[in-house]
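Single-structure report; data block below.
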Amino acid sequence: MTKTNEISNKELSLEQREEIFKVLKERFEKNMHRHEDVEWAKVQARLEANPEKLWSLNEMEITGGEPDVVEYDKDMDEYIFYDCSAESPKGRRSACYDREALEARKKHKPENNVIDMAAAMGIELLTEKQYRTLQKLENFDKKTSSWVQTPSDIRERGGALFCDWRYGHVFLYHNGADSYYGARGFRGSLRV
């Protein structure tokens, strides 16, 4: 798989497409509890018709997200992928919440922020509700934490939200949006 940002046209080569399809199909078949009523052939056909979405899934994969189908939205006729790595994706950690927070830091700036990273990958940051839904499938972030979408009234006051799984529960916390930690990244979602 190709490293993030090396592809400017958001298209994968034939070899890259074959590789990501192989990885996604294996994960899909190994984790049927995440998508019991979904057929892989239909998911693959949808991805083949939307190469930019496959590119985004490849970006999710190479940053350690291990994307998988977690839902089929019948009303919108869309398959929904979430990052399903056991811990917050390694390639997306040590980033503050957004560009404003990044620019506000005077010392020890992180390399990036999660909002810009998600946008560049063509994915959405999970909401608190989506994060809680993911945790019903199995338990994630037992040692790490993940930024989640933050309501504007909290963000306007300088804060941002993150979640993790501890003591058999999902916890929602707040931190300064300019903070960043080696054990905090973000999980994304993609609709296809």
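Any residue that is farther than 16 Å from F162 by Cα, under 12 Å from the mean Cα position of the chain (by Cα), in contact (Cβ under 8 Å) with a residue 24 or more places away in the chain and not in a loop (DSSP other than H, G, I, E, B) - is there at least one of those in the range 121-141?
Within the range 121-141, one or more residues are farther than 16 Å from F162 by Cα, under 12 Å from the mean Cα position of the chain (by Cα), in contact (Cβ under 8 Å) with a residue 24 or more places away in the chain and not in a loop (DSSP other than H, G, I, E, B).
Of the residues L172, L161, only one is in contact (Cβ under 8 Å) with a residue 12 or more places away in the chain, exposed (fewer than 14 other Cβ atoms within 10 Å of the Cβ) and of a type in the set (A, V, I, L, M); which?
Just one listed residue meets the conditions, L172.
Tally time: how many residues in the range 114-143 are farther than 22 Å from S56 by Cβ, out of contact with any Cys (no Cβ under 9 Å at 6 or more places or on another chain) and either of a type outside the set (S, T, N, Q) or crowded, with 16+ Cβ neighbours inside 10 Å (or both)?
Summing the residues that are farther than 22 Å from S56 by Cβ, out of contact with any Cys (no Cβ under 9 Å at 6 or more places or on another chain) and either of a type outside the set (S, T, N, Q) or crowded, with 16+ Cβ neighbours inside 10 Å (or both) in the range 114-143 gives 3.
For the range 78-113, which positions are among the hydrophobic types (A, V, I, L, M, F, W, C), surrounded by 17 or more Cβ atoms within 10 Å (Cβ to Cβ) and either touching a Pro at 6+ places or on another chain (Cβ under 8 Å) or within 27 Å of N139 (Cα to Cα) (or both)?
I80, F81, C84, A95, C96, L102, listed by residue number.
Kindly list the number of the only condition in (1) open to solvent by 50 Å² or more (accessible area, probe 1.4 Å); (2) part of a loop (DSSP other than H, G, I, E, B); (3) among the acidic types (D, E); (4) modelled with pLDDT of 95 or more that fails for E29.
Exception for E29: condition (2).
Would you confirm whether or not the range 84-102 contains a residue that is assigned to a strand (DSSP E or B), touching a strand residue (DSSP E or B) at 6+ places or on another chain (Cβ under 6 Å) and either among the hydrophobic types (A, V, I, L, M, F, W, C) or on the phi > 0 side of the Ramachandran plot (or both)?
Within the range 84-102, one or more residues are assigned to a strand (DSSP E or B), touching a strand residue (DSSP E or B) at 6+ places or on another chain (Cβ under 6 Å) and either among the hydrophobic types (A, V, I, L, M, F, W, C) or on the phi > 0 side of the Ramachandran plot (or both).
The values are calculated or read from the model by the stated rules, or taken from the named source; none is laboratory data. Just so it is clear, the model here is predicted, and its values are computed rather than measured. Cβ: placed from backbone, ideal geometry, glycine included. Neighbour counts: every protein chain shown. Note: accessible area is taken over every heavy atom of the protein model, side chains too, but ligands, DNA and RNA are not part of it. Shrake-Rupley method; radii C 1.70, N 1.55, O 1.52, S 1.80 Å.
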